[in-house]
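Structure first, then comments.
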Amino acid sequence: MPKGPDMGQLMKQVQQMQTQMAQAQEELKSETVEESAGGGMVKVTMTGDMQLRGIEIAPEAIDPDDAELLQDMVTAAVSEALRSAQELQQSKLGGIAGGPGGGLPGLPGM
């Protein structure tokens, strides 16, 4: 009968993963991504933990007769910043949470 995983060793690995995850999450809070739209007329800054830190709008982007264009630029810049923040999270947390080279050996999906 095959021997199961050593529970003591698994618990150590789980605790180590939790520590690494907490450390990576703290790092994400201080890392930022910046994306822009409209040729840089709208810039969005967001942290790695998905907190919006700022939106900069160039004065020439403000056209009272075309508010829809500005709305589209803001939406595009925020969407790109979210995508970049998600990629940053994946790069920081993916290996810990079971991505390539991460997870618990011997337990698929862990």
### Task
Run the numbers on segment 29-90 and let me know its relative contact order in percent, using alpha-carbon pairs under 8 Å that are six or more apart.
38 percent
### Query
What is the gain in length, in nm to one decimal, between Ala76 and Ala58 on full extension, counting 0.36 nm per residue of separation less the C-alpha to C-alpha distance?
5.0 nm
### Query
For segment 29-90, with only Lys/Arg (+1) and Asp/Glu (-1) charged at the beta-carbon, what is the dipole magnitude about the Cα centre, in debye rounded to 20?
380 debye
### Query
So for the pair Gln90, Gln51, with labels modelled 7 Å out along Cα→Cβ, what separation do we get in nm?
2.4 nm
### Query
What is the Cα convex hull volume of segment 29-90 when expressed per residue in Å³?
64 Å³
### Task
Name the lysines eligible as straight-distance cross-link partners of Lys12: C-alpha to C-alpha under 23 Å, and not fewer than 8 places from it in the same chain.
Lys3, Lys92
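Laboratory data are not the source of any read-out in this text; all were calculated from the coordinates shown. The structure presented is a predicted model; accordingly, all values stated were derived computationally and were not measured. Positions of Cβ are backbone-derived with ideal geometry, glycine not excepted, and every protein chain shown enters the neighbour counts.
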